[in-house]
Amino acid sequence: MKITEITIRHVKMKLKEPFTTSFGTFDDKDFLVLEAKDESGTIGWGESVAFHSPWYNEETLQTNWHMLEDFLIPLILNKEIHHPDEVNELFQPIRKNNMAKSTIEGAIWDIYAQQTNQSLAAALGGKKDKIEVGISIGIQKSIEDLVALVDGFVKEGYKRMKIKIKPGWDVEVMRTLRETFPDVAFMADANSAYRLTDAETLKQLDAFHLTMIEQPLASDDIIDHAALQKLIDTPICLDESIHSLEDTRKAVELGSTKIINIKIGRVGGLTEAKKIHDYCEVNNIPVWCGGMLESGIGRAHNVALTTLSNFILPGDTAGSSRYWEKDIIDPEVVVKDGYIEVPQKAGIGYEVNRETVDSFTVAQKTYK
Ligand SMILES: O=C(O)CCC(=O)c1ccccc1C(=O)O
Ligand SMILES: [Mg+2]
C-alpha cells in the first residue's frame, strides 16, 4: 500500500460521568482521530490516546498534532508499505512520541487487515472470538458511593474491578470492598501516587488478596518497584513505566513487575504491543490490555489486540456505554456478562459513523 492522504481531527466528547484518578478529574475527552487513505481508496482509522494535558505522560493532543504534521506524516506519505511492521522502522529517526506514532500505525494496521480480507484481530494473530473484560473505577466522593457503583458493575458481569487509589483513599476503601464483596476479583491502580517510603501502607493491602497493584510508584521508575515487590505479596503490574519491549525486559529481569498492562499508544503501536506480548508469554508474565478512556476507534484496536493468547487477565476495555451517550462507531462496543464478542468483519470491525464524528469535531486538516 501507499498512503496518499491523511486527515487529522481534534474530537471533543463529553464523558457520561467525570473520571477521577490520583492526578485529577476528567469531564471531557479531547483527542485526535486520524484517517488514512491509500492509493486504492481503502480507509483506515487510528486514535491518539494522548490527553489534553500532560499528566499521564508527557504527550498531549497538541504535541501529537505537531509530531504528526511536521515529522511522522512526511515519513509515511507515498512510501510503499508492504506490512504495518515497517511503520515502526520508518519512524526510527524520531525518538519517543509513542502515542503520536501509534495513531498512524493503527490506521495502517486497519488498512492492511482490510486489504488482506481479515479482521484486525486475525491480522495480529489473535484466535479468541470473545474477550473477557473488567472495568476501571475512579476515585469517588465516599466509600458508600463506590460500594454502590461496584455492586452495579458486578451485576453487569464485569470480570474484575480496578479501583483507583491514592494516599488517604486506599486501605480502608479496599478493606470495605473486600468485606462487602468477598469473592470479587479486585485490583488497585495508584497512577504513581506513592513512594517507596509508603511501603508499610501498601503492605497492608496484602490482606485483601488483590489480583495486583498497578503502578504504585513513580511513573519513570523500575528500581524502587523491584524493592517494593520484595516487601509486599500483592503482585505489582507496571503501566506508566513501560514504553517498549526493552523496558519490559529490564523490568522483568529486575523483578519490578509480575504482570504487564499493555497500552497500544504508550508503547508506540500494535507491532510493539505484540512484541511485548510475545516476550511476556515466553517469560510467564501475564498481560492485559489497559484503557485510556478511548472512543470506539481506539476501543476497537484494544479489542483486537486482546485476542492474543497471553492476554490472560481481563482488561480495562469496558463497553462504549460506560463512557459515552453516543460512541462514534456502529455498532458500539457491547459488554455482555463480562465478555465482548470480537467482530469478524475485515479491518477494525466497526464502522466509523461520519455524521457522529463530524458532530464532535472541533478542528481538522488534511495532508497529501
Ligand atoms: O476505562 C479505561 O479506559 C481505563 C481508565 C484508566 O484506568 C486510566 C484512565 C486514564 C488514564 C490512565 C488510566 C490508567 O490505566 O492508569
Ligand atoms: Mg494505570
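The values are calculated or read from the model by the stated rules, or taken from the named source; none is laboratory data. Keep in mind that this is a model prediction, so the values were computed, not measured. When we count neighbours, we look across all protein chains shown, and the Cβ atoms used for this are built from the backbone with ideal geometry, even at glycine. The accessibility values were calculated without ligands, DNA or RNA, using every heavy atom of the protein model including side chains. Shrake-Rupley method; radii C 1.70, N 1.55, O 1.52, S 1.80 Å.
How big is the Cα convex hull of the stretch 43-96 in projection, averaged over all directions, in nm²? Please list the in-between numbers first.
Numbers: hull surface 17.5 nm².
Spelled out: convex hull of the Cα atoms, projected over all directions, averaged, 4.4 nm².
Could you give the alpha-carbon Rg of the stretch 268-368 over 2.2 N^0.38 Å, rounded to two decimals? Show your work: numbers first, answer last.
Details: Rg = 15.1 Å, N = 101, 2.2 N^0.38 = 12.7 Å.
Ratio of Rg to 2.2 N^0.38 Å for the stretch 268-368: 1.19.
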Take the alpha carbon atoms of the stretch 124-157, find their center, do the same for the stretch 314-357, and report the distance between the two centers in whole angstrom. 16
Could the peptides 39-46, 12-19 be put in order, highest first, of the mean number of other beta-carbon atoms found within 10 Å of their residues? 39-46, 12-19
How far apart, in nanometres, would the label points at Asn283 and Arg354 be if each is projected 7 angstrom from Cα along the Cα-to-Cβ direction? 4.6
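Taking Cα pairs under 8 Å and at least six residues apart, what relative contact order does the chain come out at, in percent? Please list the in-between numbers first.
Details: 797 pairs, mean separation 82.5, N = 368.
Relative contact order comes out at 22 percent.
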Given H placed on each backbone N at 1.01 Å, which residues far from Asp189 in sequence or on other chains put an amide H within less than 5 Å of it? Ile163, Lys164, Ile165, Glu214
Place a label point 7 angstrom from the Cα of Gln364 along the Cα-to-Cβ direction, then list the residues of the stretch 1-17 whose backbone nitrogen is under 13 Å away. 6-12
A chain fully extended from His82 to Thr176 at 0.36 nm per residue, minus the present Cα-Cα distance, gains in nm 28.5 nm
Starting from the amide H of Glu351, placed 1.01 Å from N in the peptide plane, find each other amide H under 5 Å away whose residue is 5 or more places distant or on another chain. Asp330
Considering only DSSP beta bridges whose two residues both sit in the chain, what percent are antiparallel, to the nearest 5? 65
How much of the DSSP beta bridge set in the stretch 219-368 is antiparallel, as a percent to the nearest 5? 35
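For the stretch 122-351, rounded, prolate or oblate, judged on the Cα gyration tensor with a ≥ b ≥ c (square roots of eigenvalues), a/c < 1.5 rounded, else prolate if a/b > b/c? Walk me through the intermediate numbers first.
Values: a/c = 1.99, a/b = 1.20, b/c = 1.67.
In terms of gyration-tensor shape, oblate.
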Hey, what do the phi angles of the stretch 96-108 turn into as Karplus ³J(HN,Hα) couplings, whole Hz, using 6.51/-1.76/1.60 and θ = phi - 60°, x for Gly and Pro? 6, 6, 4, 5, 5, 4, 4, 4, 6, 4, x, 5, 6
Given the stretch 140-279, what percent of its DSSP beta bridges are antiparallel, to the nearest 5? 10
So what's the back-of-envelope 222 nm ellipticity for the chain, counting only DSSP H runs of four-plus at -39500 (n - 2.57) apiece and dividing by all residues, rounded to 500? -9500 deg cm²/dmol
Once phi for every residue in the stretch 299-309 is put through the Karplus expression 6.51 cos²θ - 1.76 cosθ + 1.60 (θ = phi - 60°), the whole-Hz ³J(HN,Hα) values, with Gly and Pro written as x, are 4, 4, 5, 5, 4, 4, 4, 5, 6, 5, 5
Calculate how steeply helix 143-156 sits against the longest principal axis of the alpha-carbon atoms of the chain, using the helix alpha-carbon long axis, and give the answer as 0 to 90 degrees to the nearest 10. 60
Distance cut-off 22 Å, Cα to Cα: go down the list Lys130/Lys159; Lys2/Lys130; Lys263/Lys326; Lys127/Lys258; Lys96/Lys275 and report the pairs above it. Lys2/Lys130; Lys263/Lys326; Lys127/Lys258
Gain in span if fully extended, Glu144 to Ile312, counting 0.36 nm per residue against the direct Cα distance: 57.4 nm
Tell me, what is the per residue accessible area of the chain in Å², probe radius 1.4 Å? 40
Please work out, to two decimal places, the log10 of the ratio I(q)/I(0) at q = 0.25 Å⁻¹ from a Debye calculation in which every Cα of the stretch 32-129 carries one identical scatterer. -1.33
Calculate the length of the line joining the C-alpha centroid of the stretch 1-72 to that of the stretch 214-241, in whole Å. 29
Amide H within-cut-off set for Glu47, under 5 Å, with H built and near neighbours excluded: Leu34
R0 = 25 Å: FRET efficiency of Lys336 with Asp151, Cβ-based, nearest 0.05? 0.85
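If you stretched the chain out fully between Glu17 and Gln115, how much longer would it get, using 0.36 nm times the residue separation minus the C-alpha to C-alpha distance? Let's see the in-between values first.
On the way: separation 98, 0.36 × 98 = 35.28 nm, distance 3.82 nm.
Answer, rounded to one decimal: 31.5 nm.
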Of all the accessible heavy-atom surface of the chain, with the other protein chains kept in place and a 1.4 Å probe, what percent is carbon and sulfur? 50
Output ³J(HN,Hα) for the stretch 34-47: one whole-Hz value per residue in order, computed from phi by the Karplus curve 6.51 cos²θ - 1.76 cosθ + 1.60 with θ = phi - 60°, and x for Gly and Pro. 10, 10, 10, 10, 9, 5, 8, x, 5, 10, x, 10, x, 10
